Structure formats: C-alpha cells, structure tokens
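Reviewing the structure listed below.
The values are calculated or read from the model by the stated rules, or taken from the named source; none is laboratory data. As the structure is a computational prediction, the values presented were derived from the model and not from experiment. Here the Cβ positions follow ideal geometry from the backbone for every residue, glycine too, while neighbour counts run over all protein chains shown. Protein only, heavy atoms only, side chains kept; ligands, DNA and RNA dropped before computing areas. Shrake-Rupley method; radii C 1.70, N 1.55, O 1.52, S 1.80 Å.
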Amino acid sequence: LIFSAKSDLLKHEKGAMALGSSLGPMAAIKAAWGEIRQNLFQFCLIIFIVLMVGGSATFETFPMPWIAAQSQCRSVVKSGPATPIMQGDGTTLVPTTWIKTVEGCTEKATVYWFVDEKFTITTANIVFFGIAKAICNFITGVVADALGRKWVIVIGWILALPMPFMVLFANGWWSVALSNLFLGIQQALVWSATIFMMIDYVGREHSGTAVGINETAGYTSQAICKVIAAAILDPLNPRDSNYWVLLGIIICNIIIAIFILKESRGLAKKEEDVITHKDSKFVFNTKLVWPSGRSSNIAVAQTAFVYTSFINKSLMALCFAGLMINFLSGFALSLFVKWMNRGGDGALWEKLDVKTVGNVSLCYGIFKGVLQFVCGFAGDRLGRKWVIVTGLLTCVLALVLIAGVGTTLADPTDGFFAGASILGIGTAIMYSTALAGVCDHSDPTWRSSALGAYRFWRDMGYAIGALITAAIADDIGIPWSVGISAILTALSALCMALFYEEVLPTDDIYNERTALPATSAKELALIEDGKASTSSAPTGTDFVAHAQPQMPMPPQFPPHPFQHGGMVPPYAPSPNIPPYAPSMPPPATQFMNGGYAMPR
C-alpha cells in the first residue's frame, strides 16, 4: 500500500457497463454455467447450506414478537383521574400515568409480558443480532482470505449451538434477546463464507449472478420458513416447536460442513494468477509510505476496511446503500411485525392474527428472495449504479404506502400486503448487485476482506434501524418512524447516483479466464498448499512494481492508476494494471537489468 503526495484518481468511463456486459444474456448464462459445472456438486451443496442458513434465522426470530409481548391484563394509561394526592410532608403528587388492570384476568401465554412495552426493549434482539453480525462479517472476510472458507462455515454452525437452548430454557427476556448474538455470529460466518465460495466458483464477471443465486436461496428459504414457523407456533407457548426444529438444522449442517464440503480458496488464487500473469500469493501485510519516506507495515484486513469504508467513493456509496437496505430489514423484522401484532394507534384498526402477520412477512421475504437471481444477473449485464438506485427508490415507495394505509384505513391489511411486497421487490433489486459492485472494485486475493467490510456496514443497518425506528416510535409514533426511514433511504439513493462509478468490462481478462481448463478438487488442494502454479507469466523473469519507493520511475510514465486519493489498495505483487481500469495508461515495469517495459 502506497500513500502518495499526489491525489490522482482512477477514472472510470461515465455510463460504462459492468464487467460481464461484454456478453449477451444467453452467452452469459452459458459462460456462468460452464464455470458452475466444473464443481457442480459443491456448488449445489453450498446452495443447500444457504437454504438452511435462511431457515435457521426464521425459526430463531419469528416467534420473538410473541415471546416479548404486551400484557393482556395490565396496561399503561396516559390519561386518568387527575386527583391530587396529599403527602404527610406537605407535598402534593399529581398522577399523570396510570396502570389499568382488568379484573379477573390471567395471562395465558408462557412468555414475558411488558406492562409498558417500550419498542427499544422488545426489539433489542434485532439490535444484538445486527451488531454481532456486522462485526463478525468483517472478521469472516479476513479469516476466509487467511485460512479458507470451509472451516469458517464449520465454526459458524458450531457457534450456533447455544442459540436454541438459550431460548428454550430462558428465565427472562434478556436471555432470549442475547441468544440473537449467536444468531448474528452464525449468519455472518456461514452466509458470508458461502457467498465467497460461490464467487470463487464463477469469477468476478459473474459475481452478480453468483450472489443472486445465493441470496435467492437464503431469503426464499426465510420466506417459506415463515409460513412453517407460523403454522407450528403456539401463541400460548411460542418458545417450543420452532427452536427444536432449529436445533435439528444446526446439527445436520455441522456434519455436512465437516465431512462433505470442500475448500474453494484455491480458485481465488487461480483467478488472480490469470489477472496478474504470475503466481500470486494471499498477501497479509502491505506497506504504507508517507510523503516523508517513512514506511509502516499494515495488515491487509485493516487496509481493505479503510479503503472500502472511507476512501473509494463508489464503495462508500455502496456501504451507505447497504446500511439503509438492512435498516429497512430491521424495521420489517421487528417494528412492522409488532405494529401488526399490536394494532393501530387510537384503535384505528384491530391487531392482525398470527396467520395474517406471517403471510404479510411472507410477501416481503418471498419477493426479496426469488427475484435476487434475476436482479443480480441484470446487474452483471446492465451495470450496478442504476439497478441499485431503482431498488432504493422502490423501497421508498413501499414505506410511503405502509405509512399511508396504517394511518388512514380502518382495515390496512391489503395495503400492508402490497407495501410488504413492494419493499421486498425493492430490496431484491439492489441487494445482490451491491455485493457484486464491491467485487468490481476489489481484487480476488483481498475480495473477501472488502466484502466483509461492506457487509459490516450493511448489517450494522439491522441494529441502527431497529434502534432508530424503535426510538422514534416510542417518542412520536410508528408512522413517523416509517416516514423518516423513507427520507433516509431516498438520501442513500441520491448518494449512489452521484458518487458511484461503473467499472469497465475487460474482454481480454474475461477471455483468458474462460479459456482456463476445469480445476479439479485435487488441483485446488495443490493450489491451496502452494504446490501448483496457475501462473501464465514467463518463468525466470523478475518484476518490480513501479510504485516501490526504491524504484523511482521516469517522469514520462503516468502514476499508478490505483491511486484513489493517493492510496493504493492491497494487491498481490504484480506489475500489471488491474483489469477493471483498461481505459488508463498501463504502468511501466522495471526489470532487474534496469530496462523498462510496458505490460500487455
């Protein structure tokens, strides 16, 4: 990593398409299938694991609004008899809040009742989930680059084991809420690693398609399992059947991940070998050179996080868009469900039954799930920016509809169905494409770290969304909370439109990748162990990147094209220009004999 005194930015051609746009739809499907077919069984196995990941999240979270519920026998009344109460010391108390008690009433369900239900407390499970998932997403990216993908998945399922027991044998709401910390860890480790593996199998030019398949499987599973969870949920004992199903899913997947799943990290190395034309390494430290000449070694993980979060404008816009989309997911999973389960303000409409709430949630989840493959594929062909902007604005429309029907209609059920469906459609449009956009702006050997940084900010949206929407709902009401969410989402769409730049397609790199022979499991193992080389560079040639301070370049050569704000991201040793900036003049290479050459 080099910091330069200059601030030369990598220029992308305005309006350019994405990396996979050089192929027509049918040719692209053929090419993606050709990549998948080389490791078909493992790819299908990953899809199965993703299905189980989505299902485990639903069986853990769906019963939560019934576990933490408003008391049926006691409630807070803000207006009551204002008779002053005289104290013996001469002071007078004027009551402003009363507890209304229903005579002869007994609580029926074996759950945790709240007399004064504060949304910031009863949605705490989503906050815990979001924080844990966000932090572990970043850790997962680092560990997956360093140690591989398979064992990240194994560890993720093992760490999920305490989750059902913490709910089944809890003696208070906070024990139940804290179980979602383990859900966040499991979702981050397992789901993130499956995304990395699918991208390894198909390559960056089909990354939107790969992520679309992955997210379609996971979120469709979530949606379908919501119907199952609602069907087996006993409102009088919501801590029972769902969590035994969850335990079975966890044990089954631990066995599969240990004994059947294979490592895919070698494919990422192979992909970068083709890009760099030499035998690449997974580099774990980079060099920071200050204008004074002083240098420091920095971990690639730190560099990737800073670069993704605060330096590359396109990646920063993606992080904000991702945060807002899961901000809305936090609303859909918690506050929206509680609103339907509680009823309208001022008794405008009665609370909806369990089956109806489950079906509304299904509308959100099923569209969010089944459309992601189509939308991810479209993002590969059409580019990332306007697909993502369209998705965000569609979500804004959904929020306006939900707030409108919830505050004006005596029966908002149909409006909630429509709003949830549109919210799911908007989420699906941008979800996979945003992840693919991160792949466009990163290299294979640190791609997982960049995706981990993006997913950190995206899934922090669960916690931020649940906290902010719940706090606003407690203060001024749920409809205002929905309206403010819509404004913030529109702002993220504006930032995406202004700051994101498309990455140019690179036909030469694409052709070289697709020309590669199939990589067997044995060859992947050799690549992982460093015993096989996939390099296409001529042997016996030593290269030195021109950005190294001890090798100053002649002034006629342009600065390195990767200097976003003067910062060169971590990249395996290579003298070649990164494939996603072909419009830039290529950097020169200095050979050990003192000569310079322009790479192909």
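Dipole magnitude of the range 160-253 about its Cα centre, charges +1 at Lys/Arg Cβ and -1 at Asp/Glu Cβ only, in debye to the nearest 20?
Working: 3 positive and 5 negative charges, 23 e Å.
Here the size comes out at about 120 debye.
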Solvent-accessible area per residue for the range 142-244 (1.4 angstrom probe, square angstrom): 28 Å²
Heavy-atom surface of the range 352-498, accessible at 1.4 Å and reported per residue (Å²): 30 Å²
Sites residue 348 and residue 175 - FRET efficiency at Förster radius 45 Å, r taken between beta-carbons, to 0.05: 0.80
In nm, spacing of pseudo-spin labels at residue 480 and residue 109 (7 Å Cα→C-beta vector): 2.8 nm
Dipole of the range 213-336 [Lys/Arg +1, Asp/Glu -1 at C-beta], most positive-end residue of 266, 335, 250: 266
Alpha-carbon centroids, the range 350-427 and the range 444-487: separation in whole Å: 16 Å
Accessible surface of the range 295-367 [probe 1.4 Å, protein heavy atoms]: carbon and sulfur percent: 58 percent
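Using a Förster distance of 25 angstrom, determine the FRET efficiency expected from the C-beta separation of residue 313 and residue 487, and round it to 0.05.
Numbers: r = 22 Å, r/R0 = 0.89.
Computed FRET efficiency for residue 313 and residue 487: 0.65.
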Förster-model FRET efficiency, 56 Å R0, residue 74 and residue 158, C-beta, rounded to 0.05: 0.85
Pairwise label distance in nanometres, residue 98 with residue 41, each label 7 Å out on the Cα-Cβ vector: 7.2 nm
Pairwise label distance in nanometres, residue 411 with residue 497, each label 7 Å out on the Cα-Cβ vector: 3.8 nm
Proximal charge balance of residue 236 [Cβ under 13 Å; K/R count +1, D/E count -1]: -1
Heavy atoms of residue 474 accessible to a 1.4 Å probe, total area in Å² rounded to 10: 50 Å²
Dipole magnitude (debye, nearest 20) for the range 112-220, charges at Cβ of Lys, Arg, Asp, Glu: 160 debye
Apportionment of accessible area to carbon and sulfur, the range 165-280, percent (1.4 Å): 73 percent
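What does the charge dipole of the range 244-356 about its Cα centre add up to, to the nearest 20 debye, if the Cβ of each Lys and Arg holds +1 and the Cβ of each Asp and Glu holds -1? List each step's numbers first, then the result.
Details: 13 positive and 8 negative charges, 66 e Å.
With only Lys, Arg, Asp and Glu charged at Cβ, the dipole is about 320 debye.
Which entries in the list 226/338; 118/338; 226/368; 30/150; 226/355; 150/368 go over 20 Å, if you measure between the two C-alpha atoms of each?
30/150; 150/368
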